[in-house]
Amino acid sequence: MNPRAAAGRAVERGMRALLLALSHQRFVGRIATRLPFTRPMVARFVAGETLEAALPALERLRAAGFRTTVDILGESVASAVAARAATGAYVAAIPVLADRGIDRNVSIKLSQMGLAIDHALVRENVGRVLTAASAVEGFVRIDMEDHATTEATLAIWRDLRPLMAGSGDVGVVLQSALRRTPGDAEVLIAAGARVRLCKGAYREPPEAAHQDKADVDAAYLAVMRRLLDAGVYPAFATHDDRIVDAAIAYARERAIGPERFEFQMLYGVRRDLQERLLRDGWTVRIYVPLGSQWYPYFMRRLAERPANVFFLARNLLR
Ligand code: FDA
């Protein structure tokens, strides 16, 4: 790598670390969410501050042929009251999605349901969401948070999955950044789990996670192939052209059709790629976040592509 490119990479790594560190600063988040000028910047990544406000975006996506999953933003709640309120929001939203003919598919975070507060509380709350989804034959995806939560998340998925037996399902997420992921993939394949594979959005220590992007990408490709061969309708969550192209090439080679797996992308990210894949006949699900607790989610999106910060700054100055 020439010195200029190496310096560029170092700046990008530094910005990424700074943005991820800021994503944990509740105080900054509280200020940011109250400033009126932040709203238009966030609108690119967040479909609305309420379900009602996000419904037109969800309906537009459905009309265009996309599948969707709804994320009611919020994470790392600090009280049982907040965890129950977040759970209630999902329990209320699921029948609305079903009534509107929108995918009955939601993505939840365990830290939003009280994981850091009490294990009994989080199980009770997740149980309520799974029961609500099961009533409409829906699907619940448990997002994966940082590596300290992986074990608990997989255990809760395993223990509560029977709540949806026979009506809908609940799936989990694996992060190719984590060193443990190939082993987890085997366990989940054996259990017939529906897995979403992503690279991992959190800052992790070297003992738990690959630090080099090339290693994260190589691990992604290996687990992706394994899931295509043996998994149950895996989902490949990425905006990375090289990975998308590799998935398509591998699926074609093995005559694995679009009904056997899906691509997933975030609302507002790489719309060109989302549309191209749809046009080419692949199944594409858009992860649609909504709600007012957008700060940590938004900061992780900036960290994934620090150039977004300059883009936002330019718009602000205008
Ligand atoms: P990579 O970061 O290498 O980016 C490839 C290209 O995509 C970039 O060059 C850029 O063009 C574009 N791009 C990526 N991110 C962008 C952004 N924010 N803005 C603009 N362009 C961008 N993580 C996690 O830890 N737990 C989880 O449960 C989930 N769930 C999840 C669901 C879905 C549907 C998606 C798409 C992603 C997640 N993630 C996640 C996030 C994931 O781990 C990862 O951080 C991001 O997807 C970015 O990685 P890429 O695979 O897109 O590749």
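The values are calculated or read from the model by the stated rules, or taken from the named source; none is laboratory data. This is a predicted model, so every value here is computed, not measured. All Cβ positions, even for glycine, are placed from backbone atoms using ideal geometry, and neighbour counts span all protein chains on display. Please note that ligands, DNA and RNA were not included when accessible areas were found on the heavy atoms of the full protein model with its side chains. Shrake-Rupley method; radii C 1.70, N 1.55, O 1.52, S 1.80 Å.
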(request) Please state which of the following conditions His24 fails to meet, knowing it meets all the rest: (1) more than 30 Å from Arg279 (Cα to Cα); (2) open to solvent by less than 70 Å² (accessible area, probe 1.4 Å). (result) (2)
(request) Identify the single condition in (1) under 25 Å from Arg67 (Cα atoms); (2) crowded, with 18+ Cβ neighbours inside 10 Å; (3) in contact (Cβ under 8 Å) with a residue 60 or more places away in the chain; (4) within 14 Å of the ligand (Cβ to nearest atom) that Leu290 does not satisfy, given that it satisfies every other one. (result) (4)
(request) Residue by residue through region 245-263, note down the ones that are out of contact with any helix residue (DSSP H, G or I) (no Cβ under 8 Å at 6 or more places or on another chain) and open to solvent by less than 10 Å² (accessible area, probe 1.4 Å). (result) Glu262
(request) Pull up region 122-135, narrow it to residues that are open to solvent by 10 Å² or more (accessible area, probe 1.4 Å) and out of contact with any Leu (no Cβ under 8 Å at 6 or more places or on another chain), then point me to the one that is farthest from the ligand (Cβ to nearest atom). (result) Ala135
(message) without any contact (Cβ under 8 Å) to a residue 40 or more places away in the chain and among the charged types (D, E, K, R): which single residue out of Asp229, Asp217 fits that description?
(response) Asp229
(request) Determine the pairs where a residue that is more than 20 Å from Arg305 (Cα to Cα) and in the same structural domain as Val309 (by TED's automatic domain parsing), located within region 27-50, has a partner that is in a helix (DSSP H, G or I) and open to solvent by 80 Å² or more (accessible area, probe 1.4 Å) with Cβ atoms under 7 Å apart, the partner being 6 or more residues away or on another chain. (result) Phe37/Leu316
(message) Out of Ala92, Ala64, Ala54, Ala85, I need the residue that is surrounded by fewer than 17 Cβ atoms within 10 Å (Cβ to Cβ), closer than 30 Å to Leu19 by Cα and small (Gly, Ala, Ser). Which one?
(response) Ala85
(request) Output the residues belonging to region 118-128 that are in contact (Cβ under 8 Å) with a residue 40 or more places away in the chain and over 15 Å from Gly74 (Cα atoms). (result) Leu121, Arg128
(message) If I go through region 167-225 residue by residue, how many of them are open to solvent by 40 Å² or more (accessible area, probe 1.4 Å) and β-branched (Val, Ile, Thr)?
(response) 1
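So, of the residues in region 145-166 that are in a helix (DSSP H, G or I) and open to solvent by 40 Å² or more (accessible area, probe 1.4 Å), which turns out to be nearest to the ligand (Cβ to nearest atom)? Quick ask: steps written out before the conclusion?
If we filter region 145-166 for residues that are in a helix (DSSP H, G or I), which is where we start, we get 147-164.
Checking which are open to solvent by 40 Å² or more (accessible area, probe 1.4 Å) leaves us with 147-148, 151, 158-159, 161-163.
Numbers: His147: 10, Ala148: 13, Glu151: 15, Arg158: 17, Asp159: 19, Arg161: 17, Pro162: 22, Leu163: 21 Å.
This residue is His147.
Taking the criterion of being more than 14 Å from the ligand (Cβ to nearest atom) and farther than 27 Å from Leu18 by Cβ, would at least one residue in region 239-247 satisfy it?
no
So that you can scan it fast, the table gives a plain yes or no per residue for (1) outside any helix (DSSP H, G or I); (2) over 15 Å from Met41 (Cβ atoms); (3) within 15 Å of the ligand (Cβ to nearest atom):
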site	(1), (2), (3)
Arg203	yes, yes, yes
Val216	no, yes, yes
Gly257	yes, yes, no
Phe263	yes, yes, yes
Leu277	no, yes, yes
Arg285	yes, yes, yes
Arg300	no, no, yes
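Matching residues to (1) of a type in the set (Gly, Ala, Ser); (2) closer than 27 Å to Leu228 by Cβ:
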| residue | (1), (2) |
| --- | --- |
| Arg260 | no, yes |
| Tyr267 | no, yes |
| Leu277 | no, yes |
| Ser292 | yes, no |
| Ala303 | yes, no |
| Val309 | no, no |
| Arg314 | no, no |
